[in-house]
Amino acid sequence: MRQTWRWFGPRDLVSVDDMRQAGVEGVVSALHHVPAGAVWEPAEIARRQGEIGRMSDGRPSGLAWEVAESLPVSEDIKRQTGAWREHIANYRTSLKNLAAAGIEVVCYNFMPVLDWTRTDLAWRLPHGGTCMRFDFADFAAFDIHILKRPGAVGDFPGEVVEEAARRFAGMDEERKEKLARNVAFGLPGAAEHLTLEGLRAHLRAYGAISPERLRSHFIAFLEEVAPTAEEAGIRLCCHPDDPPFPLLGLPRIMSTEADYAAMIKAVDTPANGITLCSGSLGARPDNDLPGMMRRLGGRVHFLHLRNVRREGEAVAGSFYEDEHLAGGTDMVALIAEVLKEEARRKAGGRADHSIPMRPDHGQDILDDLKRQAQPGYPAIGRLKGLAELRGIMTALSHPQYGLTP
Ligand code: DNO
């Protein structure tokens, strides 16, 4: 596995120097300032490469931009409205520009309107550190009482609706505002930062789009961009819905193994691949991560390794971001499946036998609590996760005691 690290660019409070000391091998980044639908121009790509290539004292970092995350898919493309054809043409140009700059792996998602969603960005853990959390009743309180979405009540089980009403009644203005900000106003990586009114307008625009229709738009998008990716030597990899169940009445179509299997079948080229995010997919009890890696591994082009602790057995429910080796996913089993897939690729002569992975998210611990970097992307919490994952990788790859005979 290729050990990578997400960097949000010069405004990221975790620096290139920091990731160098974390011992990463490659960098995951994006041109967050370019609006969804526009072209990533060669000069902008080159500028980001330059920033990644230098430490703060001007010396070479020895690191390169290896994965683009995300090259965002515009809402027009997802809805097939407005400038969607132009946006698809631009997407193809961006893919060619990235390939010309030597970047081969491109991650994206097809979630309508919101990228990932949490209700708490700094939920206090018993050890005094903090983590991110999705609380279903708080989310319902937002949906029903703050956003006041028509029909919201019908989308939650009765006891969650009641709990949401109780919670809302107990919230002061500050908590209400914070909750709205956490849910609607965009987490790191989101293509857009919305106001409540902006969010309502987006929801109206999706009114008539069923999951089947969104899926057909997704396939139309892939049919357009996957051949370009293949020609350019790019491996596209779709990130799952996070959380992996419908929110705000919007369709979600990349939440399960069946969703991925259907996508691969629909546009069957190696360029059409998967970002296996164990944290996102692991928030559903019916997703078996090691099994998915075993069955779909040939198309996994990028790995996000993290763990969540679910608080119930329902498909939609509360969870929090646990330590990388805790939570519901058996990380040793998952990494073992990744190493087996890499060995198969190597034996088959595949050039992409080392799959890029990044320690996804991290709890805020120690000095992270003072630094206050991007939510979910602290320096020390991620480094701890990486170190733990690295330990498993090293043990399982040991020539005498590991997996290899
Ligand atoms: C959150 C991330 C997502 C991810 C996009 C990929 O931490 O995993 O924002 O980057 O969904 O398109």
Quiz item: How many nm separate the modelled label positions at ALA326 and ILE219, each set 7 Å beyond the Cα in the direction of the Cβ?
Solution: 4.3 nm
Quiz item: How are the Cα pair distances of region 1-154 distributed, in percent, across 10 Å bins from 0?
Solution: 10, 29, 29, 23, 9, 1
Quiz item: Taking all protein chains as present, what is the carbon and sulfur share of the accessible area of region 118-185, in % to the nearest whole number, probe 1.4 Å?
Solution: 54 percent
Practice problem: Report, by chain and number, residues whose modeled amide H sits under 5 Å from the one on TYR206, excluding near sequence neighbours (fewer than 5 apart, same chain). | Solution: none
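Counting other Cβ atoms within 10 Å, which GluC sites (Glu not before Pro) in region 309-384 have at most 14 and lie in a DSSP loop? Each step should come with its number before you reach the end.
On the way: sites: GLU311, GLU313, GLU321, GLU323, GLU337, GLU341, GLU342; in loops: GLU311, GLU313, GLU323.
Answer in residue order: GLU311, GLU313.
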Quiz item: With labels modelled as points extended 7 Å from the Cα through the Cβ direction, what inter-label distance (nm, one decimal) is found for VAL315 paired with LEU196?
Solution: 3.0 nm
Exercise. Calculate, for the chain, the solvent-accessible area per residue in square angstrom, rolling a 1.4 angstrom probe over the heavy atoms of the protein chains.
Key: 41 Å²
Self-check item: Eligible lysines near LYS370 by straight Cα distance, threshold 30 Å, same-chain separation 8 or greater
Solution: LYS176, LYS178, LYS384
Quiz item: What helices in the chain pass both tests, a Cα length along the helix axis of 20 Å or more and a mean Kyte hydropathy of -0.5 or higher, using whole DSSP H runs?
Solution: 211-232, 331-347, 379-396
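Kirkwood hydrodynamic radius (Cα pairs, Å) of region 118-185? Before the final figure, lay out each step's value.
Details: mean 1/r = 0.0811 Å⁻¹.
Computed over Cα pairs of region 118-185, the Kirkwood hydrodynamic radius comes out at 12.3 Å.
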Quiz prompt | Point-to-point label distance, LYS148-LEU366, nm (Cα→Cβ direction, 7 Å offset) | solution = 4.8 nm
Exercise. Measure of size requested: the Rg and Dmax of the chain, with Cα atoms as the atom set and Å as the unit; please supply both.
Key: 20.5, 61
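Could you give the length gained on full extension between GLU177 and ASP17, defined as 0.36 nm per residue of separation minus the Cα-Cα distance, in nm? Intermediate results must be reported in sequence, preceding the final value.
Numbers: separation 160, 0.36 × 160 = 57.60 nm, distance 3.53 nm.
Taking 0.36 nm per residue and subtracting the Cα distance, the gain is 54.1 nm.
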Self-check item: Computed accessible area, ARG47, all protein chains, 1.4 angstrom probe, square angstrom
Solution: 130 Å²
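The values are calculated or read from the model by the stated rules, or taken from the named source; none is laboratory data. Here the structure is a predicted model, which means the values were calculated and not measured. Reconstructed Cβ throughout: ideal geometry from the backbone, glycine too, with neighbour counts over all protein chains shown. Side chains included, ligands, DNA and RNA excluded: accessible areas come from the protein's heavy atoms. Shrake-Rupley method; radii C 1.70, N 1.55, O 1.52, S 1.80 Å.
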